[in-house]
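Novice: Please find one structure pasted underneath; my questions will follow.
The values are calculated or read from the model by the stated rules, or taken from the named source; none is laboratory data. If you're wondering where the values come from, they're calculated on a predicted model, not measured in any experiment. With ideal geometry, Cβ positions are generated from the backbone for all residues, glycine too; neighbour counts draw on all protein chains shown.
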Amino acid sequence: MNFDYSDKAKSYQEKLNAFMATEVYPLEKEHNEFAYHPDNNWKRWPKLEMLKEKAKAAGLWNLFLPKAYGDLSPGLTNLEYAPLAEIMGRLLWASEIFNCSPPDTGNMEVLAKYGTPAHQEKWLKPLMNGEIRSAFLMTEPNVASSDATNVSTSIKLDGDEYVINGHKWWSSGAMDPHCKIAIVMGKTNPEEHRHQQQSMILVPMDTPGLKIVRPLSVFGYNDSPEGHAEIILDNVRVPKENLLLGEGRGFEIAQGRLGPGRIHHCMRLIGMAQRSLELMSARSSERVAFGRAIRDFSSVRQEIAYSRCEVEQARLLTLSAADKMDKFGNKAAKDLIAMIKIVAPNMALKVIDRAIQIHGGKGVSGDTPLAHFYAAARTLRLADGPDEVHLYQLGKSTIGKYYKEPNS
């Protein structure tokens, strides 16, 4: 197991760090003033497209896609991408600058892997060019969506069209004015085996019957402009050619999509935690209490030391999972992916919480990224499967690995 980065990976890290330092961090305050202003809900920050063009010109584009896709992606491995996602994760909104923002990344991987040439020409190409955005509609309010087989949205064939009826929520990306396409998961075969009931289908956002009910907030944050929508699908009709891979293949696609998506979330969480560690270290040196800088208090030093240990532990586990995905595939790495999906959000929450405490009142304000980091990290204990599901499956797998039935 060797986590030394290749010269190619080091080059991308240097280029990305330099781009962030010269082009992105100087605009952080301006971006946040726009994004958090209530008059700007569901509006795109005017300078975002300019930054995207600069990133594309710098060759920092579609870094997430593991295989080269023409001249639109460099074909980095998961191990090579991990530190880049961490760098982007230091700002919640930075990933889109490099066309590496969820849910687009997962949707692009689905279209690249399972889409027909027609799907790829119509939807993947503009997504990879950063011209449009997308949404992923799986979670439902009326069932426990932590078990994806519960999904109840119906997808029924009627002549040359599929008719879709259902109720979705937490449809991230759907509020963005540039969102043009959604991948919808529903049931085509309710009488089949529970893992062969679901299918995925492409639904343009302007299709009649698709209605956005409302945006949902996360701990009070709108996450504008992409947001998280509640959506009704009322007799939505799309051509049967919009079905991905075939009837009953939705669960298979979901598992293939969520593996990389989960580890990408963890990579970005490492970035949030690392920046929180740096911010608390700086704040402890600037803040004076009872006649001395608080960095000199043993309790503060311990909190910072624990945080550094925990960030590095999670980083190494993330790299281990990425390395195994590269060498043996997502299925072989499923236990490590489950481990990091359990570890990273909980680690980030602890580190961010310590940073907030050391900042005092400033830590819960909008003057630092910490409060929004905390909301995002807490949400990621639920997104792409709650902790309990990963713990259950990992526990089952671990018991099976170390215990054999007598006489078996």
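Novice: Can you find even one residue in segment 28-47 that is under 23 Å from Glu80 (Cβ atoms) and not assigned by TED's automatic domain parsing to the domain that holds Asn222?
Specialist: no
Novice: Kindly indicate whether Ser145 is part of a loop (DSSP other than H, G, I, E, B) and within 20 Å of Arg381 (Cα to Cα).
Specialist: For Ser145, the condition - part of a loop (DSSP other than H, G, I, E, B) and within 20 Å of Arg381 (Cα to Cα) - is met.
Novice: Still on this structure: For Pro141, are the conditions met, namely being farther than 25 Å from Glu49 by Cα and in contact with a Phe, Trp or Tyr (Cβ under 6 Å, 6 or more places away or on another chain)?
Specialist: yes
Novice: Would you check which residues across segment 193-219 are at pLDDT below 95 and under 27 Å from Leu48 (Cα atoms) and list them?
Specialist: Of everything in segment 193-219, nothing turns out to be at pLDDT below 95 and under 27 Å from Leu48 (Cα atoms).
Novice: Further question: Give, as residue ranges, the strands (runs of 3 or more DSSP E) completely inside segment 179-296 that count at least 3 residues that are surrounded by fewer than 18 Cβ atoms within 10 Å (Cβ to Cβ).
Specialist: Filter on segment 179-296 gives 210-215, 228-239.
Here is a yes/no grid of residues against (1) surrounded by 21 or more Cβ atoms within 10 Å (Cβ to Cβ); (2) more than 29 Å from Phe328 (Cβ to Cβ):
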| residue | (1), (2) |
| --- | --- |
| Pro83 | yes, no |
| Asp104 | yes, no |
| Leu137 | yes, yes |
| Asn142 | no, yes |
| Ser146 | no, no |
| Ile155 | yes, yes |
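Conditions (1) surrounded by 19 or more Cβ atoms within 10 Å (Cβ to Cβ); (2) at pLDDT 95 or above; (3) charged (D, E, K, R); (4) on the phi > 0 side of the Ramachandran plot, marked per residue:
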| residue | (1), (2), (3), (4) |
| --- | --- |
| Cys309 | no, yes, no, no |
| Leu317 | yes, yes, no, no |
| Met325 | yes, no, no, no |
| Asn330 | yes, no, no, no |
| Ile352 | yes, yes, no, no |
| Ile356 | yes, yes, no, no |
| Ala376 | yes, yes, no, no |
| Leu380 | yes, yes, no, no |
| Thr398 | no, yes, no, no |
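Novice: With in contact with a Phe, Trp or Tyr (Cβ under 8 Å, 6 or more places away or on another chain) and assigned to a helix (DSSP H, G or I) as the only criterion, which of Glu121, Glu86, Glu80 stands out?
Specialist: Glu80
Novice: Scanning for something in contact with a helix residue (DSSP H, G or I) (Cβ under 8 Å, 6 or more places away or on another chain), among the acidic types (Asp, Glu) and either at positive phi or touching a residue at least 12 places away in the same chain (Cβ under 8 Å) (or both), does segment 28-46 turn up at least one residue?
Specialist: Within segment 28-46 (the criterion being in contact with a helix residue (DSSP H, G or I) (Cβ under 8 Å, 6 or more places away or on another chain), among the acidic types (Asp, Glu) and either at positive phi or touching a residue at least 12 places away in the same chain (Cβ under 8 Å) (or both)), the answer is no, since none of the residues qualifies.
Novice: Okay, next question. How about segment 182-226: which of its residues are in contact (Cβ under 8 Å) with a residue 24 or more places away in the chain and among the basic types (Lys, Arg)?
Specialist: If the condition is that a residue be in contact (Cβ under 8 Å) with a residue 24 or more places away in the chain and among the basic types (Lys, Arg), then Lys187, Arg194 are the ones that fit.
Novice: Of the conditions (1) outside the structural domain of Arg237 (by TED's automatic domain parsing); (2) under 21 Å from Phe251 (Cα atoms), Asn150 satisfies every one except a single condition; which number is it?
Specialist: For Asn150, the exception is condition (1).
Novice: To continue, here is another question. What's the number of the only condition in (1) in a helix (DSSP H, G or I); (2) out of contact with any Phe, Trp or Tyr (no Cβ under 8 Å at 6 or more places or on another chain); (3) under 24 Å from Lys113 (Cβ atoms) that Ser299 fails to meet?
Specialist: Here Ser299 meets the rest and fails (3).
Novice: Scan segment 77-87 and tell me whether some residue there is over 19 Å from the mean Cα position of the chain (by Cα), modelled with pLDDT under 95 and not assigned by TED's automatic domain parsing to the domain that holds Phe328.
Specialist: Checked against the condition, which is being over 19 Å from the mean Cα position of the chain (by Cα), modelled with pLDDT under 95 and not assigned by TED's automatic domain parsing to the domain that holds Phe328, segment 77-87 yields no hits at all.
Novice: Hey, another quick one. Tally the residues that are among the aromatic types (Phe, Trp, Tyr) and assigned to a loop (DSSP other than H, G, I, E, B), restricting the search to segment 360-408.
Specialist: Residues meeting the conditions: 1.
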